[in-house]
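What follows is a single structure, written as structure tokens, with notes after it.
The values are calculated or read from the model by the stated rules, or taken from the named source; none is laboratory data. As the structure is a computational prediction, the values presented were derived from the model and not from experiment. In this analysis, Cβ positions are derived from the backbone assuming ideal geometry, glycine residues included, and neighbour counts consider all displayed protein chains. When the accessible area is computed, the model is the full protein with side chains, heavy atoms only, and any ligands, DNA or RNA have been set aside. Shrake-Rupley method; radii C 1.70, N 1.55, O 1.52, S 1.80 Å.
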Amino acid sequence: MLGKIGPEPEQSRYCFHWPDEEPVLVDPDIESFRPYTGLVRGDERTPWGSATAPACAITMMTPGAVADEAAAVDVPVLVACGERDVVPDPAAEPTAYRSSPDVQVEVVPRMAHMHNFAHTREQLWAAVESLARRVTTRAGRLHEESA
């Protein structure tokens, strides 16, 4: 079909959103991925979106594209993803961060790639908070030891 590009709306919906998410948010989000709809990501109906994709987005989808950089990370890491997301094997992710002293993996159930749309998003936020508390506690202990 002339002028048709990108995935079908149901493919995008499957990749980005869990079925129980709010249609009032999901529908404009999906529509904004389609050309010629008049809806631009980041407008008043989709303020969470960006009208552009970063140039590195495609590169980051290539396996191993940031392997050297990941191996050099020497601070705690949180690998957080939805049950349906772009991380092919979440259990394998810690091996990429060889220099990190702490790699936490959190796979949130009933969550697709658009994390903050999911009804289970608080589980993701709790994982972020948990990492922040561990890092803060560890930094406090190191500060006390050096004083």
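Once the range 54-85 is narrowed to residues that are open to solvent by less than 80 Å² (accessible area, probe 1.4 Å) and within 27 Å of residue 19 (Cβ to Cβ), the residue that is modelled with the lowest pLDDT is 57. Inside the range 85-128, can you point out the residues that are polar (S, T, N, Q), touching a residue at least 12 places away in the same chain (Cβ under 8 Å) and within 21 Å of residue 63 (Cβ to Cβ)? Residues satisfying the conditions are 99, 100.
Looking at this structure, is residue 49 touching a helix residue (DSSP H, G or I) at 6+ places or on another chain (Cβ under 9 Å), under 28 Å from residue 9 (Cα atoms) and modelled with pLDDT of 95 or more? Walk me through how you get there before you give the answer.
Details: touching a helix residue (DSSP H, G or I) at 6+ places or on another chain (Cβ under 9 Å): yes; under 28 Å from residue 9 (Cα atoms): yes; modelled with pLDDT of 95 or more: no.
Judged against the criteria, residue 49 is not a match.
Quickly run through the range 16-37 and pick out the residues that are under 17 Å from residue 53 (Cα atoms) and of a type outside the set (D, E, K, R). Give the derivation first.
Taking the range 16-37 and keeping what is under 17 Å from residue 53 (Cα atoms), we get 16, 29-35.
Correct list: 16, 30, 32, 33, 35.
Of the helices (runs of 4 or more DSSP H) that lie entirely inside the range 34-147, those containing 1 or more residues that are within 14 Å of the chain's Cα centre (by Cα) and not small (Gly, Ala, Ser) span 56-60, 121-146. For the range 4-21, residues that are in contact with a His (Cβ under 9 Å, 6 or more places away or on another chain) and either modelled with pLDDT under 80 or in a loop (DSSP other than H, G, I, E, B) (or both) total 4. The set of residues from the range 86-105 being surrounded by 15 or more Cβ atoms within 10 Å (Cβ to Cβ) and closer than 15 Å to residue 134 by Cα comprises 100, 103, 104, 105.
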